[in-house]
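Working notes, beginning with the structure itself.
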Amino acid sequence: MKAAVLYGKEDVRVEDLLPAVLKPGEVRIQIEAALTCGTDLKVFRRGYHAKMIVPPAVFGHELAGVVSELGAGVSEQGWKTGERVVVANSAPCGGCFHCHNQQENLCDDLLFLNGAYAESLVVPVRLVQKNLLRLKPTTAFRDAALTEPLACVVQGIEDLQLRAELQVLVIGAGPIGLMFVALAKNLGCDVTVAGRRAVRLEAAKKLGAAHVIDIGDGHDLVAKVRAVSKANFDVVIEAVGKSEVWEACVHLVRKGGKVNFFGGCPAGTAITLDTTLIHYSNLTLRASFHHTPQTIRRALEFIEAGTIRAADFVDGECALSQLPELLKAMTAGNRVVKTLVNVRA
């Protein structure tokens, strides 16, 4: 089968691999939709991810497809070949301290799954048991492939306890920022987006942002936001992953408000915060990470209800054979939001 393999920093190669023989309890999925992701781009740039992937390894983690083969014992769990499915990119162990305390996203033994950029993928036993989900007959594969990133956003929304009528500022208009816009709007929040690139800011408007702010080169972020918006933000969500943006967030939220440092910064990054401001403004600072089996399921519910659609996020398509060139273009500043990878081309 054709598959993309990560070998190191900015080194992804599309190769012919022998499909692995299924072990008992495993499932093979014929991939029908695979999407590019900001995390995959970070991994491509750095050449690894300490938690998710160690090269050389098959690459990619946002996918949906069809069950094409069952390992021994899987049919007894009710699975059949031909079923349309989505699978998350990880599953918790269920036995550690964090799993026992409803924090499966922090599991001490998260089992990660990679290999979306391929013709097929083997799903390990634990993921079959915990995070392999059936799709409705009407659910498009490209919509379902958004489940994993959306589940991370659902985790962030639930951590913040968003509710109707809150004034929300989302900093960053990439795929994650746009998903925050859509879900916050769905909850009845008044949403402002601060970001770059006209096409993404226009997408934010279509998804329900009442106000958009073009921050240009990103310098003097607080001043640029305040020059356009005088809103007293109840919640500020950082969806960029830059230390200077993390630092700016605490200056843009109201007294008693909440900040979610959602965007992951490079390992070793440090920030400086005004302790007087944080203390006397009684700020709540959160940093949401990953997802749980529960938020994976809630994310799919949003997708199957039509709240989140691929048409609003996927604005490019490329053949698997062209993936290395696409990743290089994304590194150089490709402005697409998400790209659908045709794994059979």
Based on what the data block shows, is VAL27 of a type in the set (A, V, I, L, M, F, W, C), assigned by TED's automatic domain parsing to the domain that holds SER75 and surrounded by 14 or more Cβ atoms within 10 Å (Cβ to Cβ)?
-> yes
Could you tell me whether any residue of region 4-24 is at pLDDT 95 or above, buried (at least 18 other Cβ atoms within 10 Å of the Cβ) and hydroxyl-bearing (Ser, Thr, Tyr)?
-> no
Please specify each residue of region 104-135 satisfying the condition of being in a loop (DSSP other than H, G, I, E, B) and touching a residue at least 40 places away in the same chain (Cβ under 8 Å).
-> LEU110, LEU113, ASN114, GLY115, ALA116, TYR117, GLU119, PRO124, LEU135
Pick from region 221-245 the residues that are in a helix (DSSP H, G or I) and in contact with a helix residue (DSSP H, G or I) (Cβ under 9 Å, 6 or more places away or on another chain): which of them is nearest to THR284 (Cα to Cα)?
-> VAL245
Given (1) at pLDDT 95 or above; (2) out of contact with any Gly (no Cβ under 8 Å at 6 or more places or on another chain); (3) within 30 Å of ALA311 (Cα to Cα), index of the condition VAL199 fails = (1)
Go through region 309-330 and give me each residue that's part of a helix (DSSP H, G or I) and either among the aliphatic types (A, V, I, L, M) or under 18 Å from the mean Cα position of the chain (by Cα) (or both).
-> ALA310, ALA311, ASP312, LEU320, LEU323, LEU326, LEU327, ALA329, MET330
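In region 84-103, what residues are assigned to a loop (DSSP other than H, G, I, E, B) and surrounded by fewer than 17 Cβ atoms within 10 Å (Cβ to Cβ)? Break it down into steps so the answer makes sense when it comes.
Within region 84-103, the subset assigned to a loop (DSSP other than H, G, I, E, B) is 88-89, 92-96, 101-103.
Those that are assigned to a loop (DSSP other than H, G, I, E, B) and surrounded by fewer than 17 Cβ atoms within 10 Å (Cβ to Cβ): CYS93, GLY94, GLY95, CYS96, ASN101, GLN102, GLN103.
The values are calculated or read from the model by the stated rules, or taken from the named source; none is laboratory data. Everything numeric here is computed off the predicted structure, so don't read it as measured data. Virtual Cβ from ideal backbone geometry, glycine too; neighbours counted across all protein chains shown.
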